[in-house]
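Bear in mind these aren't lab numbers, they're just calculated from the coordinates by the rules spelled out. As the structure is a prediction and not an experimental result, all values here were calculated from the model. For neighbour counting, all protein chains shown are included, and Cβ atoms are generated from backbone atoms with ideal geometry for every residue, glycine included.
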Amino acid sequence: MEKTPTPIGVFNALPILSNSASMNDCTIVYPSYFRIFECRVGRWFIKDTEIFIGTENPIKDNDIAALYGVTEQEVVINLFRVNGGKSGFYLANLKDKGYYYCGQNREDLKAKLRTLGIGREDPIS
């Protein structure tokens, strides 16, 4: 029996923390059961994802309640408990119910993913 590959999500970020027009957009690749959240001045935002590898799924990819049995509100409550709702990026592992504070910028987010065994410093090597 052939194993179905895990869908992978893509986070397409716009320059958020820089006033520099030369800063490039950034793409972070990670498994689809992770979601990236950002907290800004007490307001929470889930970052959009785009599935680019995977099988056809009858459930909408962003319906985390149907996919993982947890609502966005429950996720945000758990993320708030991690760091008291401090502004910055947070990561939620919806499959294993793990919640992490990453830091203030995308580099912090990428570093946290690397500590979890996702990605590498130089993706080409």
Using a basic spin-label model with each label point 7 Å from the Cα along Cα→Cβ, how many nm lie between LYS47 and ASP96? 1.9 nm
Descending packing, highest mean Cβ count within 10 Å first, for 34-45, 85-96 is 85-96, 34-45
Can you find, among GLY103, TYR90, THR115, the residue sitting farthest towards the positive end of the charge dipole of region 71-115, where Lys and Arg contribute +1 and Asp and Glu -1 at Cβ? THR115
Most to least packed among 115-122, 100-107 [average Cβ atoms within 10 Å]: 100-107, 115-122
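Kindly state, to the nearest 0.05, the FRET efficiency for ARG40 paired with VAL70, given R0 = 22 Å and r defined as their beta-carbon distance. Please list the in-between numbers first.
Details: r = 22 Å, r/R0 = 1.02.
So, using R0 = 22 Å, E works out to roughly 0.50.
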